[in-house]
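Following: one structure in structure tokens, then a few remarks.
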Amino acid sequence: MKALRFLLVGIFFGIILVKSEAVSWYRIYEMFRFQSFHMYGIIGTAIITGIVFLQISNKGYIKSITGSKIHVPKKEHGLVRYIVGGIIFGFGWALIGACPGPMYILLGTGVWSMIIVIAAAIVGTFIYGLVKNKLPH
Amino acid sequence: MDLQFILNPWPWYVSGPLIAFVMALLLYFGKTFGMSSNLSTMCSMAGAGKFSDFFNVNWKDKLWNLTVVLGSIIGGFIAVQFLSNDSGTNLNPTTIGELEKMGFNNPGKSLVPNELFGLENLNSPSTLLLLVVGGLLVGFGTRYAAGCTSGHAISGLSSLQKPSLIAVIGFFIGGLVMANFLLPLIF
């Protein structure tokens, strides 16, 4: 039964991202060309709402389903990995017009070519795992 | 009741808070909002742990992650089949003009350009190469940066983490260079 809640969250997420047009290749292009406020509005209001939620839950007003404190895991310290990894991801994001969530959602909308992108992304992740220890972080 | 407001694209000020709600739900269920982790989980399931310790994790603990992915595929299907009309994406006319000049037909009429994702274009080695390279960049980059748009831009910035701010600046440097300088060379 626990799986059902995650399935429902996923369905909800997929619907939101299609209806918001955040899965649109064109919206991503438009964002990176600074020709529309749309994507900035989505990301901006998501962050503001998220900050408000986390501030309220930090004060203990909202607890997780098991009664424990709600917390977002701390990212490790670092610079190179975030900036270089971020740039590499950014190249892919603007080319494919989709980040890891939308890749799957678009597959659901009937963009079958996304299977190739997803397979390549899995290989890309695998390559990172192979060379991880040789990279600066 | 007039349901056009559901069938039409949703405005950003509705969508943004709803995305934050997805993050809140996952945190409430004791998990985190980060969509790129599933790529790593699939590597672990396929036995990548034999080649790199990075993938030596108990992937059974991460199956919830793949369940979210499965749901998102179903959600995409439901959204286009039952919750959409043929209104298309209301792009900036400048954007449409630019893309038409680059050779894209009917920008915004569908979610992705047929020139890149149309099945009939998979015969073209250059199109196939672009999809593969794009996927490799996304998969390698997210893992190197330890997160993607959901993990860093939404979860990380909402929790005011500096590494996520650095990563998001990286996302934008890469995206800006690709969209402004490389895409015009490619298309």
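The values are calculated or read from the model by the stated rules, or taken from the named source; none is laboratory data. On a predicted model such as this, the values are computed, not experimentally measured, just so you know. Quick reminder, even Gly has a Cβ in these numbers, built from the backbone with ideal geometry, and neighbours come from all protein chains shown. Keep in mind that these areas ignore ligands, DNA and RNA; they rest on the heavy atoms of the full protein, side chains included. Shrake-Rupley method; radii C 1.70, N 1.55, O 1.52, S 1.80 Å.
Residues that are of a type in the set (A, V, I, L, M), outside any helix (DSSP H, G or I) and within 22 Å of A:T45 (Cβ to Cβ) do not occur anywhere in the stretch B:130-153. Number of residues in the stretch B:1-16 that are facing chain A (nearest Cβ under 7 Å), assigned to a helix (DSSP H, G or I) and open to solvent by 40 Å² or more (accessible area, probe 1.4 Å): the value is 2. Of the candidates B:T32, B:T67, the single residue that is at the interface with chain A (Cβ under 9 Å from one of its Cβ atoms), in a loop (DSSP other than H, G, I, E, B), in contact with a Leu (Cβ under 9 Å, 6 or more places away or on another chain) and within 19 Å of A:K2 (Cβ to Cβ) is B:T32. Scan the stretch A:76-119 for residues that are at pLDDT 95 or above, under 28 Å from B:G75 (Cβ atoms) and part of a loop (DSSP other than H, G, I, E, B) and jot them down. Within the stretch A:76-119, A:G97, A:A98, A:G110, A:V111, A:W112, A:S113 meet the criteria.
Looking at A:I127, is it over 23 Å from B:L176 (Cβ atoms) and at pLDDT 95 or above? Considered against the rule, which asks whether it is over 23 Å from B:L176 (Cβ atoms) and at pLDDT 95 or above, A:I127 comes out as yes. Exactly one residue out of A:L95, A:L107 is open to solvent by 10 Å² or more (accessible area, probe 1.4 Å) and out of contact with any Phe, Trp or Tyr (no Cβ under 6 Å at 6 or more places or on another chain), and it is A:L107.
When B:S87, B:S44 are screened for being assigned to a helix (DSSP H, G or I) and of a type in the set (S, T, Y), only B:S44 passes. Quick one: in the stretch A:19-56, of everything that is in contact (Cβ under 8 Å) with a residue 12 or more places away in the chain, within 14 Å of the chain's Cα centre (by Cα) and not in a loop (DSSP other than H, G, I, E, B), which residue is farthest from B:F181 (Cα to Cα)? Only one residue tops the list, namely A:I42.
Scanning the stretch B:27-41 for residues that are more than 15 Å from the chain's Cα centre (by Cα), of a type in the set (A, V, I, L, M, F, W, C) and surrounded by 22 or more Cβ atoms within 10 Å (Cβ to Cβ) yields a total of 1. Confirm whether A:I42 is among the aliphatic types (A, V, I, L, M), open to solvent by less than 50 Å² (accessible area, probe 1.4 Å) and within 7 Å of another protein chain (Cβ to nearest Cβ). Yes, satisfied.
Being more than 8 Å from chain A (Cβ to nearest Cβ) and closer than 26 Å to B:L26 by Cα is a condition met by at least one residue of the stretch B:139-151.
Within the stretch B:108-136, the residues that satisfy the criterion of being under 21 Å from B:S36 (Cβ atoms) and open to solvent by 40 Å² or more (accessible area, probe 1.4 Å) are B:V132, B:V133, B:L136.
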